[in-house]
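Have a look at the structure below, then the notes.
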Amino acid sequence: MLNQLSRKKVMALAMGAVLAVGAIAGCGGEKKEAGGDKVYRIGVLQLVQHGALDDANRGFVDGLAARGYKDGANIKLDQQNAQGDQSNLKTISQRFVNNKVDLIFAIATPAAQIVANETKTIPIVGSAITDYQTAKLVQSTEK
């Protein structure tokens with residue numbers, strides 16, 4: 001059972017990284033492959049320090065690295081932890097929007113909801129979200 005759960009976790013993290021790479025590739029009209037001249041700025045907003053959320057963060061970063069996106073080379077990660085504080089979530093998400101990051105990775109439902117309320121133009125990738133529709137992050141999960 002544990003081995004099956006580990007595989008599911010790895011697959012979920014890998015899918016998040018694939019979505020992020022796709023979102024990065026869709027940003028702007030500049031070079032889109034890893035190793036290009038553009039350095040993409042990615043804001044990572046984690047609700048609280050917790051083993052599963054830390055794993056999601058690590059899986060995202062590892063997935064990007066496996067696809068050629070390395071912090072300090074062709075991406076700049078701004079990793080922030082709100083420490084479970086809603087006002088921190090809002091302040092951090094506003095900073096990401098004001099700094100015009102290219103992508104936001106939101107870890108946990110409250111982080112994704114706050115970020116979604118702050119921007120309609122910056123791509124958002126979410127993780128550790130049980131139901132995007134119930135959280136009002138999407139209108140439908142059919143597409």
Point to revise | Residues of the stretch 123-143 classified as touching a residue at least 40 places away in the same chain (Cβ under 8 Å), within 17 Å of ALA82 (Cβ to Cβ) and part of a loop (DSSP other than H, G, I, E, B), total | key: 1
Revision key, fill the gap. Exactly one of GLY51, GLY68, GLY72, GLY63 is small (Gly, Ala, Ser) and closer than 11 Å to PHE105 by Cβ, and that one is GLY63
Revision key, fill the gap. Reported set for the stretch 97-122 where residues are touching an Asp or Glu at 6+ places or on another chain (Cβ under 8 Å) and more than 23 Å from GLN83 (Cα to Cα) is ILE122
Point to revise | Residue that is surrounded by the fewest Cβ atoms within 10 Å (Cβ to Cβ) [pool: residues in the stretch 64-93 that are under 14 Å from GLY43 (Cα atoms) and of a type in the set (A, V, I, L, M)] | key: LEU77
Exercise for review: Exactly one condition in (1) more than 20 Å from VAL39 (Cβ to Cβ); (2) touching a Lys or Arg at 6+ places or on another chain (Cβ under 7 Å) is not met by GLN83; state its number.
Suggested key: (2)
Review point. Scanning the stretch 101-131 for residues that are open to solvent by 80 Å² or more (accessible area, probe 1.4 Å) and in contact with a helix residue (DSSP H, G or I) (Cβ under 9 Å, 6 or more places away or on another chain), which turns out nearest to GLY59 (Cα to Cα)?
Key: THR130
Review point. Does GLY36 meet the test of being open to solvent by less than 40 Å² (accessible area, probe 1.4 Å) and either polar (S, T, N, Q) or at pLDDT 95 or above (or both)?
Key: no
Review point. With respect to LEU53, is the statement that it is over 28 Å from LYS38 (Cβ atoms), open to solvent by less than 40 Å² (accessible area, probe 1.4 Å) and touching a strand residue (DSSP E or B) at 6+ places or on another chain (Cβ under 8 Å) true?
Key: yes
Review point. Is there a residue being touching a Ser or Thr at 6+ places or on another chain (Cβ under 7 Å) and not in a helix (DSSP H, G or I) anywhere in the stretch 84-93?
Key: no
**Study point:** Residues (in contact (Cβ under 8 Å) with a residue 60 or more places away in the chain and among the aromatic types (Phe, Trp, Tyr)) located in the stretch 35-82
**Key:** TYR40, PHE60
Check your understanding: Pick from the stretch 94-121 the residues that are of a type outside the set (D, E, K, R) and assigned to a loop (DSSP other than H, G, I, E, B): which of them is nearest to ASP71 (Cα to Cα)?
Key -> VAL101
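The values are calculated or read from the model by the stated rules, or taken from the named source; none is laboratory data. Predicted model only: the values in this text are computed from it and were never measured. Cβ atoms come from the backbone with ideal geometry, glycine included; neighbour counts cover every protein chain shown. To get the accessible areas, we keep the full protein, side chains included, count just its heavy atoms, and leave off ligands, DNA and RNA. Shrake-Rupley method; radii C 1.70, N 1.55, O 1.52, S 1.80 Å.
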